[in-house]
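Colleague: Dumping the structure here so I can ask a few things about it.
The values are calculated or read from the model by the stated rules, or taken from the named source; none is laboratory data. Everything numeric here is computed off the predicted structure, so don't read it as measured data. FYI the Cβ positions are ideal-geometry reconstructions off the backbone, even for glycines, and counts take in every protein chain you see. For the accessible areas, the whole protein counts, side chains as well, though only heavy atoms, and no ligand, DNA or RNA atoms are used. Shrake-Rupley method; radii C 1.70, N 1.55, O 1.52, S 1.80 Å.
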Amino acid sequence: VGVDVAHAAGAQHRGPADGFTPDAWRRVTATQLDAPFFLSTAIHRAGEAAGAPGSHVFIGSLTSLIGLPNMAAYGAAKSGILGVVRSLSVEWARSGTRVNAIAPGYFLTRQTAGLLADPVVKARVDARIPMGRLGVARDLAGVAVFLLSDAAGYITGQVLPVDGGWLGA
């Protein structure tokens, strides 16, 4: 039995890039990029010491793959997650530890609640999603369980979008 982990931390700062303060940038990147990286490396060391490789699932975002306005720090951190996933997956593969990412599209969360409370924005987002709805927790749960399971035993270094078809449209 391995040491498995799925990262799901959240921090957001919406606004034009030229208005970001260094503190806002650091808060978002520390939560979204630094914390998952250092947590995974600590868990991996413990797993290695116990002879228990595992599976690490990072949470990326649509902004790992595309640009969205007013989200520079978030987009940078979530893009960085994919670099971490690719690097760790190669570095840890021989030990049997797998590293992958999920890239959720729009889900109603504390981070998106304010944005999606605007009916014009919500209608625009819904219209852009081919499935015509926001994601819900169960849409992510199965993907995370799969990536953490032995069924994904030969998958590492990958990102799986869970976006209702956003990227396919």
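Colleague: If Ala17 passes every condition in (1) aliphatic (A, V, I, L, M); (2) closer than 26 Å to Thr97 by Cβ; (3) over 18 Å from the mean Cα position of the chain (by Cα) but one, which one does it miss?
Modeller: Ala17 satisfies every listed condition except (2).
Colleague: Based on this model, can you work out whether Tyr154 counts as touching a residue at least 24 places away in the same chain (Cβ under 8 Å) and not β-branched (Val, Ile, Thr)?
Modeller: no
Colleague: Could you list all residues from segment 59-72 that are closer than 9 Å to Arg14 by Cα and crowded, with 17+ Cβ neighbours inside 10 Å?
Modeller: Kept after step one, since they are closer than 9 Å to Arg14 by Cα, are these residues of segment 59-72: 69-72.
Selection gives Met71, Ala72.
Colleague: Moving to a separate point now. Among the residues of segment 2-52, which ones are farther than 27 Å from Ala151 by Cα and either in a loop (DSSP other than H, G, I, E, B) or acidic (Asp, Glu) (or both)?
Modeller: Listed by number, the residues that qualify are Gly10, Ala11, Gln12, His13, Arg14, Gly15, Pro16, Asp18, Phe20, Thr21, Asp23, Asp34.
Colleague: Still on this structure: Any idea which of (1) of a type outside the set (Asp, Glu); (2) without any contact (Cβ under 8 Å) to a residue 12 or more places away in the chain; (3) in a helix (DSSP H, G or I) is the one Leu68 doesn't satisfy?
Modeller: Leu68 satisfies all of (1) of a type outside the set (Asp, Glu); (2) without any contact (Cβ under 8 Å) to a residue 12 or more places away in the chain; (3) in a helix (DSSP H, G or I) except (3).
Colleague: Take the residues in segment 1-45 that are open to solvent by 60 Å² or more (accessible area, probe 1.4 Å) and among the small types (Gly, Ala, Ser), then tell me which one is nearest to Ala141 (Cα to Cα).
Modeller: Among them, the one singled out is Ala8.
Colleague: Could I ask something else about it? Can you find, within segment 46-58, the residue that is least open to solvent (accessible area, probe 1.4 Å) among those that are modelled with pLDDT under 95 and of a type outside the set (Gly, Ala, Ser)? Outline the logic, then answer.
Modeller: To start, the set of residues in segment 46-58 that are modelled with pLDDT under 95 comprises 46-54.
Imposing the further condition that a residue be of a type outside the set (Gly, Ala, Ser) reduces the set to 48, 53.
On the way: Glu48: 91, Pro53: 51 Å².
Per the stated criteria, the residue is Pro53.
Colleague: Within segment 81-124, can you find the residues that are assigned to a helix (DSSP H, G or I), under 21 Å from Thr156 (Cα atoms) and open to solvent by 20 Å² or more (accessible area, probe 1.4 Å)?
Modeller: Going through segment 81-124, the residues assigned to a helix (DSSP H, G or I) turn out to be 81-95, 110-116, 119-124.
Subsequent filtering for residues that are under 21 Å from Thr156 (Cα atoms) retains 81-95.
Scanning segment 81-124 gives Gly83, Val84, Arg86, Ser87, Val90, Glu91, Ala93, Arg94, Ser95.
Colleague: Under 7 Å by Cβ, and 6 or more places apart or on different chains, what pairs join a residue from segment 18-39 that is among the aromatic types (Phe, Trp, Tyr) with one that is part of a helix (DSSP H, G or I) and surrounded by 15 or more Cβ atoms within 10 Å (Cβ to Cβ)?
Modeller: Filtered contacts from segment 18-39: Phe20/Ala72; Phe20/Ala73; Trp25/Ala73; Phe37/Val84.
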